[in-house]
Amino acid sequence: MPASPYDSVVPDTAVLLIEDDPTVADIVTKYLRREGYEVKHTRDGADGLNLALKGPPGCIVLDLMLPSLGGLEVCRQLRLALAVPVLMLTARDTEDDRVTGLEVGADDYLAKPFSPRELVARVKALIRRDQLQPSALDDGVEPIQIGSLHIDIGRRLVLRKGTEVSLTAREFDLLTYLITHPRQALSRGDLLEAVWGYTFGDPSTVTVHVRRLRGKLETDPAHPELIQTVWGVGYRWSP
């Protein structure tokens with residue numbers, strides 16, 4: 001087996017930075033190392049994907065615009081193999097770009113120019129949330145059967161008509177929080193803090209993850225019955 005690029009460190013303290021702008025890469029690396037993270041940097045998308053697959057780090061900071069293989073494709077391929085948290089960076093700040101990044105599996109999104117301190121805080125939150133043991137999130141919740149949908153939070157397993165539904169780690173954490181707070185109107189800010197671990201950031205992160213969950217769980221995602229919209233507030237789990 002090839003040696004991991006993070007063999008000398010605890011994986012949860014390792015960050016893989018895939019960024020082709022040398023100035024941004026230098027600043028991000030300095031701030032992360034100042035906080036005790038071991039940073040592995042590459043400017044090439046294909047090289048970054050290979051590094052991640054050889055030795056998954058605690059978090060990946062991924063630029064959208066990259067040579068050889070773009071950030072969106074890197075993220076798509078990562079999600080086929082890994083559940084490691086991904087923070088996507090981009091100079092493109094339109095809503096479509098944000099949504100696209102999240103829909104291919106990024107856990108969070110940060111537009112350039114950004115505060116290095118905010119980036120560090122988001123990396124910390126993503127890694128901290130990912131370190132939580134499943135029992136800390138899922139303990140004591142009985143399996144739920146809703147029509148053809150079977151949800152076993154304790155086993156982190158969802159079946160639809162007997163076939164397993166593939167959820168990312170963040171999607172499952174969001175589903176868990178909704179299920180364990182039934183019939184409560186939860187704002188996007190509430191969900192951002194509870195599931196992502198911080199109170200700042202782009203609320204479209206929550207919106208896109210709810211949309212993805214509906215697409216995988218609801219009989220008719222356009223008219224959701226399980227994850228309902230509470231207009232002017234947020235969302236509510238109403239089985």
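Per-structure values
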quantity	calculated
Residue 195 vs. criteria surrounded by 19 or more Cβ atoms within 10 Å (Cβ to Cβ) and modelled with pLDDT of 90 or more	no
Entirely in segment 40-122, the strands (runs of 3 or more DSSP E) that have 1 or more residues that are free of Cβ contacts under 8 Å to residues at least 24 places away in the same chain and in contact with a Cys (Cβ under 8 Å, 6 or more places away or on another chain)	none
Residue within segment 212-222 that is crowded, with 18+ Cβ neighbours inside 10 Å and assigned to a loop (DSSP other than H, G, I, E, B) present	no
Search result, residues across segment 53-73 that are aliphatic (A, V, I, L, M), crowded, with 19+ Cβ neighbours inside 10 Å and at pLDDT below 95	64, 66, 72
Filter result (acidic (Asp, Glu) and within 16 Å of the chain's Cα centre (by Cα)) within segment 168-202	171, 173, 193, 202
Selection from segment 152-163 of residues that are free of Cβ contacts under 8 Å to residues at least 40 places away in the same chain and either more than 22 Å from residue 75 (Cβ to Cβ) or assigned to a helix (DSSP H, G or I) (or both)	152, 153, 154, 155, 157, 159, 161, 162, 163
Residue in segment 4-12 that is closer than 23 Å to residue 117 by Cα, surrounded by 16 or more Cβ atoms within 10 Å (Cβ to Cβ), at pLDDT below 90 and of a type in the set (Val, Ile, Thr) present	yes
Every residue from segment 176-198 that is in contact with a helix residue (DSSP H, G or I) (Cβ under 6 Å, 6 or more places away or on another chain) and either part of a strand (DSSP E or B) or among the small types (Gly, Ala, Ser) (or both)	194, 197
Qualifying residues in segment 189-208 (those that are free of Cβ contacts under 8 Å to residues at least 40 places away in the same chain and among the hydrophobic types (A, V, I, L, M, F, W, C)) - the one farthest from residue 103 (Cα to Cα)	194
Residues of segment 184-208 that turn out to be out of contact with any Lys or Arg (no Cβ under 6 Å at 6 or more places or on another chain) and closer than 21 Å to residue 219 by Cα, as a count	2
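The values are calculated or read from the model by the stated rules, or taken from the named source; none is laboratory data. All figures in this text were calculated on a predicted structure; none of them were measured in a lab. Cβ coordinates were reconstructed from backbone atoms using ideal geometry, including for glycine residues, and neighbour counts include every protein chain displayed.
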